[in-house]
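Asker: I am attaching a structure below and will ask some questions about it afterwards.
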Amino acid sequence: MEEFYKLMQEQKWSEILLLAKTKHNALMRNQAEWQSICRFLESEFISYISNEKYILVGKLCFEYLRLELAKYIYISESARNTIEDIGFSALEKSEPSSLIAFSKLCIHSTNAKEFIEKTKEKEVATSQRLQSTPTGKPKAMRVDWLQPLFKSKLESEFYQALKNVFPTYFIYPNVALSNIFEFDKIQEHLGVNSKNYFFKAIIDFVVYDPTDNHTPKYFFEVDSAYHDTDKAKLNDELKNGIFSIANIELFRIRPSDQIDGNRFGFETAIRTKVSHANIKN
């Protein structure tokens, strides 16, 4: 017991609390005397923490309550209430990350109880927000988000016609003009407008020969009423001009009274145009 009194005179509270833990069996041999010492301890402890820097006070209060919970020391109800409040205030300023654990040790502190309730509310709100926030990845396959290769029945029919006419060739729709001509080779022959349009232009269908290093052989545009606007006409002229510079024919086919807008009508028109072009060449 003399060791306790000596340490209390020196205000070495970390060592006092450690001694209460390590000498527990010896101290409990005389419970009445130990309880008397504990009452004196709590009085001195409260006096000390009421005037000490909060950076030290928080940890000491934490340890004091842990020892009481483990039955190493005794604390009166009023003293416990005071230690809880002082400890909570000190940890709030010095070590907020320890507040949850400290608050769970508290029995009387209103601040600790309110803090736990607020923490629970935040956890619930966070959980609900996470559950309701889209992750960017749908749970099921959203096939309704996918786009078909052909945006109209006209294009689909024309594609089938090309397959019938060129069964051993590869048919690709919507091919960028920049994937057909090498810009570095053709650019010196293009005007300003053609250069600006070059990387925007798309060819409706290109027929590639797989036996000749997949070289593009035939080029087709399926014209419709959408090509009748002023802007479309201008783009068509620029596109025609680029092919004309390369001395390559761009076949344009448009459904009309003479050409049915189905695969059979398109097939006849394709064969006729390609045949005429081969005769000219």
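Asker: Taking the range 263-281 as the search range and keeping residues that are surrounded by 16 or more Cβ atoms within 10 Å (Cβ to Cβ) and not β-branched (Val, Ile, Thr), which one is modelled with the lowest pLDDT?
Answerer: Only one residue tops the list, namely Arg263.
Conditions tested, residue by residue: (1) at pLDDT below 85; (2) within 28 Å of Phe115 (Cβ to Cβ); (3) within 51 Å of the chain's Cα centre (by Cα).
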site	(1), (2), (3)
Gln9	yes, no, no
Trp13	no, yes, yes
Asn51	no, yes, yes
Tyr54	yes, yes, yes
Ser76	no, yes, no
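Asker: What number of residues within the range 16-29 satisfy the criterion of being under 53 Å from the mean Cα position of the chain (by Cα) and exposed (fewer than 14 other Cβ atoms within 10 Å of the Cβ)?
Answerer: 1
Asker: A follow-up question, please. What tally of residues in the range 59-77 results from selecting those that are over 15 Å from Lys12 (Cα atoms), in contact with a helix residue (DSSP H, G or I) (Cβ under 6 Å, 6 or more places away or on another chain) and not hydrophobic (A, V, I, L, M, F, W, C)?
Answerer: Looking only at that region, the number is 2.
Asker: Counting only residues that are of a type outside the set (Asp, Glu) and free of Cβ contacts under 8 Å to residues at least 12 places away in the same chain, which one in the range 212-224 is surrounded by the most Cβ atoms within 10 Å (Cβ to Cβ)?
Answerer: Step by step, filter the range 212-224, then rank; the result is Thr215.
Asker: Out of the range 228-243, which residues are surrounded by 12 or more Cβ atoms within 10 Å (Cβ to Cβ) and either in contact with a Phe, Trp or Tyr (Cβ under 9 Å, 6 or more places away or on another chain) or free of Cβ contacts under 8 Å to residues at least 24 places away in the same chain (or both)?
Answerer: Once the filter is applied, which keeps residues that are surrounded by 12 or more Cβ atoms within 10 Å (Cβ to Cβ) and either in contact with a Phe, Trp or Tyr (Cβ under 9 Å, 6 or more places away or on another chain) or free of Cβ contacts under 8 Å to residues at least 24 places away in the same chain (or both), the range 228-243 yields Ala232, Leu234, Asn235, Asp236, Glu237, Leu238, Lys239, Asn240, Ile242, Phe243.
Asker: Find the helices (runs of 4 or more DSSP H) located wholly in the range 42-113 whose residues include 3 or more that are among the small types (Gly, Ala, Ser) and under 21 Å from Ile16 (Cα atoms), and list them.
Answerer: Correct list: 77-94.
Asker: Let me ask something else about it. Looking only at the range 79-124, which residues are small (Gly, Ala, Ser) and under 15 Å from Cys61 (Cβ atoms)?
Answerer: Ala79, Gly87, Ser89, Ala90, Ser94, Ser98, Ala101, Ser103, Ser109, Ala112
Asker: So is Leu250 modelled with pLDDT of 95 or more, of a type outside the set (S, T, N, Q) and more than 23 Å from Gln147 (Cβ to Cβ) or not?
Answerer: yes
Asker: Among the listed residues Cys61, Cys38, identify the single one that is out of contact with any Leu (no Cβ under 9 Å at 6 or more places or on another chain) and buried (at least 17 other Cβ atoms within 10 Å of the Cβ).
Answerer: Cys38
Asker: Scan the range 31-60 and report the pairs whose first residue is in the same structural domain as Leu19 (by TED's automatic domain parsing) and whose second residue is in a helix (DSSP H, G or I) and among the aromatic types (Phe, Trp, Tyr), with Cβ atoms within less than 7 Å and a gap of 6+ or a chain change.
Answerer: Here the result reads Ile37/Phe4; Phe45/Trp13; Phe45/Tyr64; Tyr48/Trp13; Leu60/Trp13, each pair linking the range 31-60 to a residue that is in a helix (DSSP H, G or I) and among the aromatic types (Phe, Trp, Tyr).
The values are calculated or read from the model by the stated rules, or taken from the named source; none is laboratory data. Model, not experiment: these values are computed from the prediction. Reconstructed Cβ throughout: ideal geometry from the backbone, glycine too, with neighbour counts over all protein chains shown.
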